[in-house]
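Reading through the structure tokens given below for one structure.
The values are calculated or read from the model by the stated rules, or taken from the named source; none is laboratory data. Computed from a prediction, not measured in an experiment: that's the story for all the values here. For neighbour counting, all protein chains shown are included, and Cβ atoms are generated from backbone atoms with ideal geometry for every residue, glycine included.
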Ligand code: MLT
Ligand code: MN
């Protein structure tokens, strides 16, 4: 078994040395929340369909140090029977096929799914296009901010999710929300949505407006906990900056799954892959004095894992110096199938 996956499969509290830290008993209480990263790449996936950069090329060549990844999504469950999907990627059909936990129960009705609810952190294509895969007349809850729900409502293609059986609930920022199935039965998971620095979805940008028309609620982070609020993980796949209030919110967390889109702010420009810097795309980079590794360095977090990795990011190569640097700083790079038991 891969050592890293084995490590991550253990209860977090049992595997991470705590010497030198004051840790409350509550932090080590087992709540039984199970998380799985089913897609660890950013928009475009890895390899990206039209990309001839060395990373995508070597991922296609089955290089064991540079492994393919599907687009950005995680799942969570309190009972390993009913699952919440956090972001619905364009690769969702493949992700479901490759994730036994998400297969229909063989003892259930002819049409069934363990996916009871979907939570969206923004309206970018990599996080909403998979909703179209969930259209086969399946009851579901969709949770998102008013801004993101409005984007779905404004795009008629999403009417394929019949509103008679697919219910939407607005996430109110900074308020705990108990996730339920469409019948109102709690799933044992509580989330708290909060605004993070970011921007409106790429396809919604209006260049004539300040910040391209972005407003609060376009990009959120999520605290994911048990029904009593215990054993929190934070899921923040898109974030433009780490400010003091975000650090204070996450301080003491069991696990942080954070925006790992780029290593360097100008890496896409430098590689000739595109004209945009990370800051323009609403993504803080890992490296540098104003990067995420430095920003999170003094914050008490048990496990730090980068998700939403872009196909330009050199940390995708397990042998790279950049990978070594972030691992030395206490970070892991997510891979598809990585499990975390809180
Ligand atoms: C992003 O995270 O910046 C977006 O997923 C970009 C995109 O939609 O391609
Ligand atoms: Mn994205």
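Evaluate the following for residue 249: is it surrounded by fewer than 22 Cβ atoms within 10 Å (Cβ to Cβ), in contact with a helix residue (DSSP H, G or I) (Cβ under 9 Å, 6 or more places away or on another chain) and over 26 Å from residue 59 (Cα atoms)? No; evaluated as a whole, the condition is false for this residue. Tallying residues that are more than 15 Å from ligand 2 (Cβ to nearest atom), more than 30 Å from residue 79 (Cα to Cα) and either crowded, with 18+ Cβ neighbours inside 10 Å or touching a residue at least 12 places away in the same chain (Cβ under 8 Å) (or both) within segment 31-57 yields 5. Out of everything in segment 134-156 that is under 21 Å from residue 205 (Cβ atoms) and touching a helix residue (DSSP H, G or I) at 6+ places or on another chain (Cβ under 7 Å), what residue ends up being farthest from ligand 1 (Cβ to nearest atom)? Looking at residues that are under 21 Å from residue 205 (Cβ atoms) and touching a helix residue (DSSP H, G or I) at 6+ places or on another chain (Cβ under 7 Å), I get 152.
Applying the criterion of at least 3 residues that are more than 15 Å from the chain's Cα centre (by Cα), closer than 28 Å to residue 78 by Cα and modelled with pLDDT of 95 or more to the helices (runs of 4 or more DSSP H) found wholly in segment 228-295 leaves 244-250.
Considering the conditions (1) crowded, with 22+ Cβ neighbours inside 10 Å; (2) within 16 Å of ligand 2 (Cβ to nearest atom), residue 76 is excluded by exactly one of them, (2). If you go through segment 252-272 and keep only what is surrounded by fewer than 18 Cβ atoms within 10 Å (Cβ to Cβ) and either within 15 Å of ligand 2 (Cβ to nearest atom) or touching a residue at least 40 places away in the same chain (Cβ under 8 Å) (or both), you end up with 252, 271. Within the span defined as segment 310-330, every residue fails to be assigned to a strand (DSSP E or B) and in contact (Cβ under 8 Å) with a residue 24 or more places away in the chain. Count of segment 174-196 residues, restricted to those that are at negative phi and surrounded by 17 or more Cβ atoms within 10 Å (Cβ to Cβ), is 13.
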